[in-house]
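Heads up, the thing below is written out as structure tokens.
Every number in this text was worked out from the coordinates using simple rules, so none of it is lab data. These numbers were taken from a predicted model, which means no experiment stands behind them. Note that each Cβ is placed from the backbone with ideal geometry, even for glycine, and that neighbours are counted across all protein chains shown.
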């Protein structure tokens, strides 16, 4: 199945909503998804940077709220 979205006609908010809808659907089926081999290494590197204080992070809900605030 080939799905085409009119991305050039969509607002940023519409694109974000579409991404959220896709993510929500994918996350309901996470057992069907296999992480690529490189993903574990990337996660370990990021955890090390956070543990060493070189980086920090915010939870996903906070990140989404910050993005929405910047885009509105």
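List of remarks:
- With Cα atoms, 0 to 90° folded angle of helix 60-71 axis to the chain main axis: 50
- Between 0 and 90°, nearest 10: helix 12-28 axis offset from the chain longest Cα axis: 60
- Ranked for footprinting exposure by Cβ neighbours inside 10 Å, fewest first, 5, 72 give 72, 5.
- Using alpha-carbon coordinates, inclination of helix 37-51 to the longest axis of the chain, degrees: 60
- Rg(Cα) / (2.2 N^0.38 Å) computed for the chain, rounded to two decimals: 1.44
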